[in-house]
Structure formats: structure tokens, C-alpha cells
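Accompanying notes for the structure given below.
The values are calculated or read from the model by the stated rules, or taken from the named source; none is laboratory data. None of these values were measured; they are calculated from a predicted model. Cβ: placed from backbone, ideal geometry, glycine included. Neighbour counts: every protein chain shown. Calculation scope for accessible area: heavy atoms of the full protein, side chains included, ligands and nucleic acids excluded. Shrake-Rupley method; radii C 1.70, N 1.55, O 1.52, S 1.80 Å.
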Amino acid sequence: MRLLPAAVTVSLTVAVAYFIYIPLPDAIQEPWKLMMLDAGFRATMHLASLKAWLGFDHYIKTIRDSTEGFDGMMEGLRNSENDGEVFPGVKVSDITFAGVPVRVYEPPAGGEGHLRRGLMFFHGGGWALGSGKKGTYDSINQMLSDELNTVVVSVEYRLYPEVHFPVPYLDCLAAAKHFLSPEVLARYAIDPERLAVAGDSAGGNLAAAVSQEIAIDETMSVKFSVQALIYPVLQALDFNTPSYLQNGNIPILYRTLMIRFWLQYLNADLSLLPQLLANNHSALHHSNITPELRARFDWTALLSPKHKKNYKPVVVEKGSQGAVKEMSGLLDVRASPLLAGPEVLAKCPRAYILTCENDVLRDDGLMYARRLQDAGVAVTSEHYEEGFHGCFSFISWPVEFDVGKRALRGYLNWLQNNL
């Protein structure tokens, strides 16, 4: 009988280890830490799906509740470790810009007549999760405000499932136009020649799209001077780029999860996921996807041999018409900034684009950098071979990675020198 508890213990241990362990590239440092983080996220996803199936709550609401609890716990641990380290000189205010909730970070007041930098930030989270007011986003924006003497405005745009495209984009655009108004810039003593828009992941998508629209809007007297995009998601027509295939099972953003985020954002049925996995939604017989448009996301021409490797393009002759009809925003540049024409890109501000080798979105960022450069825009492309999606947010004890801290420092240094 004594063998039974031991057998149960061994079985449970093996089951937990099997759930946690996933093969990772050798370049990723501290792999077990990433595995543990990913296991926690996957467990939350499974629980959320179960609760939704049982009819208790929308699965996104469950994930939000879980991540907010995790953020609160991590914040408590960090405060106990760092004796509550904050940036006491930074003033934080929660207000609205054009009806959109924002958090404003103001650095200590400078001398009379000294103008400050200004930066608008859009957080990531697949257009469904996250908040600029919590966790690492809040810490990074306080740090940026303090170190770079910058007024930072973090936008709380509306999220899925409450809204779909184009609402998050329109929220961000409205807040950006308000921010760039001469009255607001004067109120916060911001230099109109030193204005940035930035974001990570889905926030990078919104930052790129807003930057494009502001750049071509002739009614705007003040425009962004730089854009900083951190592993941005920029297109939904090819989910078989080398990075999608190479990193499809690398945490914390799996290939199927990114497609799911896209389907949710574009208000399409999740049953279309297999069609998108196979690129059936961008088949050659779709006449609205012209050769000129295809060239704008053609990784065989836009990526270097180093990143193309031995992968072959997945181009379907005849695919699903239903997917294209249901995803009305599929070809909208406000959703997929990579599809913008060269005449639009040529007017965009100089750019900083951060990409990670072990990230499904790597090629989106690299292709956009190439297209901006081809249009005559100055681009700093910073690539982290050991980086993975989300690492920019893992910078504080007890969840910290060296690559995340280096990525953050690279972002701050670039803004210091270019904004």
C-alpha cells in the first residue's frame, strides 16, 4: 500500500513536468524560467476556455482577472524586494484625451522656458488584454519620463470583446490628435519638434497605423517626429513567413494564438483559423489582392537570406472566399500597416523597430523596416538573437530576463539620441 502514494506522486510529477517542458532554441537564456511563465499562461488559457464552455464568463474576462491578479502579486514582490522603489519626481494623472482614457506621466518641472519631449504609448495584448496603467508598462513609462525628461501619455484604448476593429485604432488616433494639438503641447510644455509615438506588439500595430495617418493628414500642423515599434504585428495575409513557421511553438506568442487575436480583432469567426493557417484567405484567385499589394508583404523579396533560410513561400492557387468576405478589415491599412503604399511610407517619421529572432512577428518588423527604408525613411533596426516575444516586459524581479533589460535600455538610448 505504501507504493500507491509514491506512484501517485511520481505520476503527478511526470505530468507536471510534461506540461511545463517545451523544447526551446539554444539561444534563449534561462529557458526554464520562460517555460514556467508559459506554463502559467497556458494553464490560465485552459481554465478560461473551460469556464467559457461551462457558460460562466467570456474567456478573455477570465484571462484579464488572472493577469491582473498576477500583476498585483508581482508588484508586491517587487516592492518588498526593492523597498518600494518608485520615481517620486514623476507626476501621474489619469484623465481623458478626446474622451479616451489616458495616463499622463510628467517629469519634474525644468527651468523656465525649457520644453520637454513628448511620447504617446500604446500597450500590447492582442487588442484584447493589457493596460498601460499596470505592471511593467507603468514602470517603463515612469522610468522613461524620469530619465528622458519626457511627458508620456499612455492610452487606454477599448479592447475585445467589447469592441472590434477599427474602434481601438480610432481611440488611439483621437487621443493622438488631441495630444498633438498646440494647446495640449503648450499646457505640458512639450517641444512640438520632439514628439514620438510608440507601442509593443498590438500596440506597435496601432502606433504604426496612427503614425501613417498623422503623416498624411494635411490638417495636422504638428506631427510625430519619430516612431518606436517594439516587435509590432503588421499584417494578416501571410501566416507562413519564415518566422511564423520557425517560431510557431515558441512562447509566449504561438502562431495559432496570434491568428486567434487577428480573428477576434477583425470580428471574424474563430472557425476560420485553419483557413488562415493554410493561407487560404490570401489565395491567388482573390482579385482584390493585386500583385502590387502582394509585393508589399512578399518576404521572399523583403527579407535577407539570413532570415529567409530554406523556407518556401506558401501561395495557394484557390482558397476560401468566405474568409475574405467575413474579414472586412483584412486589406485595410489601418489594421495592416505593412500594406500601406510607398507614397504613404515616404511621409512617415524616422523609425526604431525592435525585433526578436524567436518571435512569430519577427518578419513583420523586418519587412516594415525594409519597406520604410526603400521609401527613404531613416530606420534603426535593432534585432535580438536571443529575444522572444514579450521579453521587453520581463525586466523586473522575480520575472526578469537579461535580454529584456537590454532591449529596454536600447529603446531608451535610441529615444535619448533621436527624440
Could you state the accessible area per residue of the chain in Å², with a 1.4 Å probe and every protein chain left in place? 42 Å²
Measuring from label point to label point, each 7 Å out along Cα→Cβ, what is the residue 269 to residue 22 span in nm? 2.8 nm
Nearest-0.05 FRET efficiency for residue 46 and residue 350, computed from C-beta distance (R0 51 Å): 0.75
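Filter 91/134; 133/347; 33/405; 134/405 down to the pairs with a C-alpha to C-alpha distance above 20 Å, please.
133/347
What percent does the relative contact order of region 305-419 come to when contacts are Cα pairs within less than 8 Å and at least six residues apart?
Once divided by the residue count of region 305-419, the mean separation gives 19 percent.
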Gain upon complete extension [residue 314, residue 301; 0.36 nm per residue less C-alpha separation]: 3.3 nm
Residues with amide H under 5 Å of residue 127's amide H, sequence separation 5 or more or different chain, H placed in the peptide plane at 1.01 Å from N; which? 202
Match the structure shown to one of the listed values [x] 205; [y] 268; [z] 163 of volume of the Cα convex hull per residue in Å³, computed from it, and give that label. [z]
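With a ≥ b ≥ c the root eigenvalues of the C-alpha gyration tensor of region 216-355, is it rounded (a/c under 1.5), prolate (a/b larger than b/c) or oblate?
Prolate, since a/c reaches 1.5 and a/b exceeds b/c.
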Could you check how much of the accessible area of the chain is carbon and sulfur, as a whole percent, using a 1.4 Å probe? 57 percent
Residues with amide H under 5 Å of residue 283's amide H, sequence separation 5 or more or different chain, H placed in the peptide plane at 1.01 Å from N; which? 319, 320
Among 172, 408, 305, whose Cα sits farthest toward the positive end of the charge dipole of the chain (+1 at Cβ of Lys/Arg, -1 at Cβ of Asp/Glu, about the Cα centre)? 305
Please express the Cα-Cα pair-distance distribution P(r) of region 91-184 as a list of whole percents, one per 5 Å bin, running from 0 to the bin with the greatest distance. 3, 14, 24, 24, 18, 10, 5, 2, 1, 0
